[in-house]
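Report on one structure; see the data block that follows.
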Amino acid sequence: MSITDTCMPPWRDGPAYRRAPGMVLPQGVSPNLALDQHLSHRIAAGERVVHLGLGESRLPVHPALIERLADAAPAHSYGPVAGGETVLRAAAGYFTRRRLPTAPDQIALAPGSKAALFALIAALPGDVVLPRPCWVSYAAQTLLAGRRVTRVPVPAECGGVPDPLVLRENILEARRRGHDPRIVILTVPDNPTGTMAAPETVRRVCQVAEAEGLVVLSDEIYRDIRHDPALPYLSAAEVLPDRTIVVTGLSKNLALGGWRIGLARFPAGEWGHRLRAKVLAIGSEVWSTVAAPMQEVAAYALDEPPEIVDHLESSARLHGAVAVAVHRVVIAAGARCNPPQGGFYVYPDLEPARAILAAKGIVNASSLQSCLLDRWGIAVLGGHHFGDEPGSLRFRAATSQLYGRTADEQWDSLRAADPTRLPHVAGQLALLRDALAALTDEAG
């Protein structure tokens, strides 16, 4: 990751870093969170902003979850670092129902999947292989842990996994440069592209990982937000059960980002138990334990009672409908963009309009992001934040931000047969359509 001017806002040119012995320390807030904080002030001041910059599931909390939290509020003891027996059993059942037979002692809770991922990177030896592009925090966490990053392009048809055709070649090249790649991170479905790697692609990546001695960190936080539940899904833990750790949480599927509930599933056997013990040792020094009331919420949600299953299905339908609508908008503006399949993102490429954009001073992802925000009030994150080529004209749009700013609007979006026809959704889609049309119009 390049070192950037510390005076620049992090949502424009990325977080700045200064070198320190053994690690690289960020000098600013992560770009997605920095952008969200910046926009909250503009919105509070009455500015019209279409906020597509933060990957937050903008849905109301299910009343049953609020009930559980309120009932558990008196619980204030620390408890076990890994989590209590009830929530560990619930998590084991959750994974077992997804073709991953799991015992409670294979689970560890963390205050969000982000904390679990960092603890895993810190506990495992070696450098990290990342798909290009990938979620903003993978590389930052790797550098914070004093490790090096090897980036491998994703297949043309999807994101979230390195292209298996060039993965081994990139690993060998990294070793020739003195790096020690031993971890590869996969995200299925993906952030930022909103696409999902096919089972055969996951299988081939895992075959390379096994041949080259890499551990797989499988980030499956969007697994329950597949737009088409019939779309085949293969976890890396099904292919490499002895060397895959699965990380997930409740921030995306149940919109509980601010409640900070994450978990990791470790392989069975001696190696998995030793790694879990290392992660728990880190957790004991960093976060101690997940708040007891949140554990009660997690236990209830991970047991998947009918009302939560229904809520998840409705949420996935909403995510899919709005993501598809945004995909149509960017395609109409001349962008190249794979159809979204999971989560709530699209990742358009305006390369076909490069000459038109260059005439307007837009020559890369950073200037594209700035122009959309400053001129039209459309907030997105440029592809450079995700490790993409800095000169590209790609950006991520978080479509879940369109569901409404109030709980009433969000409930309306969730219950609507066609949420894209609701005024608060349709109005923002129209603003996005007009901005992209003007941006790519030669005379605009």
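Test residue 288 against the stated conditions and say whether it is hydroxyl-bearing (Ser, Thr, Tyr), more than 30 Å from residue 350 (Cβ to Cβ), open to solvent by 30 Å² or more (accessible area, probe 1.4 Å) and at pLDDT 95 or above. Against the criterion (hydroxyl-bearing (Ser, Thr, Tyr), more than 30 Å from residue 350 (Cβ to Cβ), open to solvent by 30 Å² or more (accessible area, probe 1.4 Å) and at pLDDT 95 or above), residue 288 qualifies.
Of the residues 283, 269, 262, 258, the single one that is on the phi < 0 side of the Ramachandran plot and either surrounded by fewer than 20 Cβ atoms within 10 Å (Cβ to Cβ) or touching a Lys or Arg at 6+ places or on another chain (Cβ under 6 Å) (or both) is 258. From the list 103, 91, 75, pick out the single residue that is touching a Lys or Arg at 6+ places or on another chain (Cβ under 8 Å) and either aliphatic (A, V, I, L, M) or crowded, with 19+ Cβ neighbours inside 10 Å (or both). On inspection, the qualifying residue turns out to be 91. Among the criteria (1) within 23 Å of residue 48 (Cα to Cα); (2) surrounded by fewer than 17 Cβ atoms within 10 Å (Cβ to Cβ); (3) hydrophobic (A, V, I, L, M, F, W, C), the one residue 398 does not fulfil is (2). Among the residues making up the stretch 27-39, a single one is polar (S, T, N, Q), open to solvent by 30 Å² or more (accessible area, probe 1.4 Å) and touching a strand residue (DSSP E or B) at 6+ places or on another chain (Cβ under 9 Å): 27. Looking across the stretch 325-377, the residues that are open to solvent by less than 60 Å² (accessible area, probe 1.4 Å), in contact with a Ser or Thr (Cβ under 8 Å, 6 or more places away or on another chain), farther than 20 Å from residue 222 by Cα and assigned to a helix (DSSP H, G or I) come down to 353, 356, 357, 365.
Kindly establish whether residue 48 is surrounded by fewer than 20 Cβ atoms within 10 Å (Cβ to Cβ) and closer than 26 Å to residue 314 by Cα.
Numbers: surrounded by fewer than 20 Cβ atoms within 10 Å (Cβ to Cβ): yes; closer than 26 Å to residue 314 by Cα: no.
Criteria not met by residue 48.
A Cβ distance below 6 Å, combined with a sequence gap of six or more or placement on separate chains, defines the contacts here; from the stretch 270-293, residues that are among the charged types (D, E, K, R) reach residues that are not in a loop (DSSP other than H, G, I, E, B) in the pairs 276/108; 278/123. Taken over the stretch 164-195, the criterion of being open to solvent by less than 30 Å² (accessible area, probe 1.4 Å) and either of a type outside the set (A, V, I, L, M, F, W, C) or touching a Cys at 6+ places or on another chain (Cβ under 6 Å) (or both) is satisfied by 164, 181, 187, 189, 190, 191, 192, 193, 194, 195. Of the residues making up the stretch 378-391, those that are open to solvent by less than 30 Å² (accessible area, probe 1.4 Å), closer than 19 Å to residue 159 by Cβ and outside any helix (DSSP H, G or I) number 5.
A search for C-beta distances below 9 Å between a residue of the stretch 139-159 that is free of Cβ contacts under 8 Å to residues at least 40 places away in the same chain and within 14 Å of residue 126 (Cα to Cα) and any residue that is of a type in the set (D, E, K, R) and open to solvent by less than 30 Å² (accessible area, probe 1.4 Å), counting only pairs 6+ apart in sequence or on different chains, returns 142/127; 147/127; 148/127; 150/127. Select from the stretch 300-311 the residues that are open to solvent by 20 Å² or more (accessible area, probe 1.4 Å) and not aromatic (Phe, Trp, Tyr) and list them in ascending order. Correct list: 303, 304, 305, 306, 307, 309, 310.
The values are calculated or read from the model by the stated rules, or taken from the named source; none is laboratory data. What you are looking at is a predicted structure, and each value in this text was computed from that prediction instead of being measured. Cβ coordinates were reconstructed from backbone atoms using ideal geometry, including for glycine residues, and neighbour counts include every protein chain displayed. The accessibility values were calculated without ligands, DNA or RNA, using every heavy atom of the protein model including side chains. Shrake-Rupley method; radii C 1.70, N 1.55, O 1.52, S 1.80 Å.
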